[in-house]
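The values are calculated or read from the model by the stated rules, or taken from the named source; none is laboratory data. Predicted, not measured: the structure shown is a model, and the values here were computed from it. Glycine also receives a Cβ, built like all others from the backbone with ideal geometry; neighbour counts cover every protein chain displayed.
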Amino acid sequence: MHGTRVHDTQQPVISVRNLWKVFGPKAARVPVSAELRELSRRELLDRTSCTAAVRDIEFDVAPGEVFVVMGLSGSGKSTLVRCLTRLIEPTAGEVIFEGEDILNADEKRLRELRRRKFSMVFQHFGLLPHRCVVDNVAYGLEIRGVGKAERAKRAGEVIELVGLGGYEKAYPDQLSGGMQQRVGLARALAGDPDVLLFDEPFSALDPLIRRDMQSEICRLHREVGKTMVFITHDLAEALKVGDRILIMRDGALVQIGTGDELVAAPADDYVRDFVRDVPKSHVLTLKWIMRPKRDDDPLDGPELGPDVVVREATRSVLAAEKPVKVVKDGELLGIVGDEEILSIIAESGS
Ligand SMILES: Nc1ncnc2c1ncn2[C@@H]1O[C@H](COP(=O)(O)OP(=O)(O)O)[C@@H](O)[C@H]1O
Ligand SMILES: [Mg+2]
């Protein structure tokens, strides 16, 4: 979904600054203590009985972006995403949503934001068992006081959008896991929120269904273009749906980047472990494998852009008589020949 990446000049939808969530007694003293802030998870627990589930996290989510948060189980992903809407109360920091500091919002404003601006999709679908699909999907609208005809119309639209047309009158227990999660998606979309938040929505699904649902998210994102924050512990999923990926470990931010940045330049061994098995040619782009031009390089080879994925370029590079020039805005950035392509393919194991 890299084509949908947004420009730096746009105001972020969500800005998170110095965000902390500490669980335990007198949690608030941890972020303000120069000494306690620096302790490892274990030391902090031993000394204070506190767990810093989110430690000094900072990031921006741009309009229309799919922003993925990834990390091993227990790294703080769920806590972080719940802090964004104050389903969990942050201990310190700022969460700015569309210019408004959410940590200053009163109860009434928070309820309004949660109803109108955010929607959350969880791993466990949380459908109401005694309500049929259309009534589950329309539930949020009903709470908002939207009239019956209007509700039915909107629910019908989003049910079509998620590919559940024909199942309006079915009950949750008549549907497969994948279809139930589609209902969850439709329900989240029904209120036309500004941001969709997903907490490992597909982790309980079978691998094949899971792949379908990932494609479904990509398609939905193309069609409705919503800003999404998507949590997963699965790198393949992160690479498939995400424009950018934030990697967390023990509550802290380890690296933020696009998939190709993480694969090409992992910040440390934790990230390297995550990306180890990714077929490089599927993720890396020509800018990562090109070499500087040499004097004996012919200048009349074919041209490709720096953001073309290696796998997509393989055939044309190998077929060309001359090395390919990597060019952007008329500027020659580097050269990719058979050698560069073949070495990356060898590393990809494909
Ligand atoms: N209510 C809570 N009380 C105390 N510790 C918690 C609470 N919720 C989460 N934690 C701890 O915070 C850390 C991060 O948890 P969580 O955000 O659920 O991680 P993830 O979603 O990445 O698996 C874990 O060590 C977890 O045990
Ligand atoms: Mg979690």
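Below are the figures for this structure:
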item	result
Subset of region 164-208 that is among the small types (Gly, Ala, Ser) and within 16 Å of ligand 1 (Cβ to nearest atom) - its residue that is farthest from the chain's Cα centre (by Cα)	Ala204
Neighbours by Cβ (under 6 Å, 6+ apart or cross-chain): first from region 60-86, polar (S, T, N, Q); second near ligand 1 (Cβ under 6 Å from one of its atoms) and not in a loop (DSSP other than H, G, I, E, B)	Thr79/Ala53
Residues (closer than 21 Å to Ile143 by Cβ, within 16 Å of ligand 2 (Cβ to nearest atom) and not aliphatic (A, V, I, L, M)) located in region 76-113	Arg82, Thr85
Test: residue in region 255-262 that is assigned to a strand (DSSP E or B) and without any contact (Cβ under 8 Å) to a residue 24 or more places away in the chain	yes
Some residue of region 131-138 being small (Gly, Ala, Ser) and more than 16 Å from ligand 2 (Cβ to nearest atom)	yes
Residue identified as in the same structural domain as Ala186 (by TED's automatic domain parsing), of a type outside the set (S, T, N, Q) and farther than 25 Å from Lys117 by Cα among Leu235, Leu246, Leu220	Leu235
Criterion (crowded, with 19+ Cβ neighbours inside 10 Å, among the acidic types (Asp, Glu) and within 23 Å of Leu19 (Cβ to Cβ)) met by exactly one of Asp243, Asp260, Asp194	Asp243
Region 273-308: number of residues that are over 12 Å from Ile341 (Cβ atoms) and either assigned to a strand (DSSP E or B) or in contact with a Phe, Trp or Tyr (Cβ under 7 Å, 6 or more places away or on another chain) (or both)	2
Hey, Arg249 more than 14 Å from the chain's Cα centre (by Cα) and closer than 20 Å to Val61 by Cα or not	yes
Qualifying helices (runs of 4 or more DSSP H) (wholly inside region 4-89; at least 1 residues being within 23 Å of Val275 (Cβ to Cβ))	77-84
Test result for Pro129, over 30 Å from Gly24 (Cα atoms) and surrounded by fewer than 13 Cβ atoms within 10 Å (Cβ to Cβ)	yes
From the options Ser73, Ser40, residue that is farther than 26 Å from Leu113 by Cα, within 29 Å of the chain's Cα centre (by Cα) and more than 9 Å from ligand 1 (Cβ to nearest atom)	Ser40
Restricting region 164-216 to residues that are part of a loop (DSSP other than H, G, I, E, B) and aliphatic (A, V, I, L, M), the residue that is farthest from Met120 (Cα to Cα)	Ala170
Residue tally, condition near ligand 1 (Cβ under 9 Å from one of its atoms), buried (at least 18 other Cβ atoms within 10 Å of the Cβ) and of a type in the set (A, V, I, L, M, F, W, C), over region 76-94	2
